[in-house]
């Protein structure tokens, strides 16, 4: 089976993520919120680091239940800073709370977070035709626009690179290389 070059073939968790999740359109609000937070946690690190900590993040942040997260106390935030299952960066931890607040506002304003976030791509995945991973950009004009709007709407750790990576992760952008077995273009 041919896969994108970035996949660690000797790591089943990475292979499963690539084969079953990355580039697959997802419209579930809670999953989209989780991925936005995890992509933010990745800033300055590798996705592999975050992927290995994903279950720890889910446990630590109440399965990314935004309604619970917005009520976190200073004691809860202090405990998170000591939690070895996650990246213990004070600003990244605080951003999950800030992002939960913004997420809930966007749900209220747009009917769902999915409606809000997918509007950046007119509710249709963008399918690219890259021959190799070297051609895949880290940012695009679209990720620049998304980043600016997310920041304006109160989100943190949503730079253009994070936004592009998020779009790839949730299938808003399909960047599987053309000969990858997981590409499946309709």
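Just so you know, all these numbers are worked out from the coordinates, no wet-lab data involved. Note that the structure is predicted; figures quoted are calculated from it, not measured. Neighbour counts run over all protein chains shown; Cβ positions are idealised from the backbone, glycine included.
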Exercise for the section: Per DSSP H run of n ≥ 4, the term is -39500 (n - 2.57); total these for the chain, divide by its residue number, and report the mean residue ellipticity at 222 nm rounded to 500 deg cm²/dmol. Expected result: -15500 deg cm²/dmol
Practice task
Report the Stokes-Einstein translational diffusion coefficient (µm² s⁻¹, integer) for the chain, Rh taken as the Kirkwood radius over Cα pairs, at 37 °C with viscosity 0.692 mPa s.
Solution key: 194 µm²/s
Problem - Extended-chain gain in nm, criterion 0.36 nm per residue less alpha-carbon gap, residue 67 and residue 112 - result: 14.8 nm
Exercise for the section: Return the distance in nm (one decimal) between the two label points of a simple spin-label model at residue 5 and residue 161, each offset 7 Å from Cα along Cα→Cβ. Expected result: 1.9 nm
Exercise for the section: Please build a GNM for the chain, connecting alpha carbons under 10 Å apart, and tell me which residue among 121, 24, 96 fluctuates the most. Expected result: 121
Practice task
Take the chain, connect every pair of alpha-carbon atoms lying under 10 Å apart with a spring to form a Gaussian network, then pick out the residue of 119, 95, 147 with the largest mean-square fluctuation.
Solution key: 119
Practice task
Would you mind computing the Rg to Rh ratio of the range 16-103 from its alpha-carbon coordinates, Kirkwood style for Rh?
Solution key: 0.95
Exercise for the section: Just report the Cα centroid separation between the range 44-60 and the range 78-132, whole Å. Expected result: 14 Å
Practice task
Be a star and scan the range 1-23 for residues whose amide nitrogen sits under 16 Å from the point 7 Å along the Cα-to-Cβ vector of residue 179.
Solution key: 1-7
Problem - Distance between the range 1-43 and the range 134-186 - C-alpha centres, whole angstrom - result: 12 Å
Exercise for the section: Output the relative contact order of the chain, whole-number percent, from Cα pairs under 8 angstrom with separation of 6+ residues. Expected result: 34 percent
Problem - Listed residues 49, 161, 98, most fluctuating in the chain (Gaussian network, C-alpha, under 10 Å) - result: 49
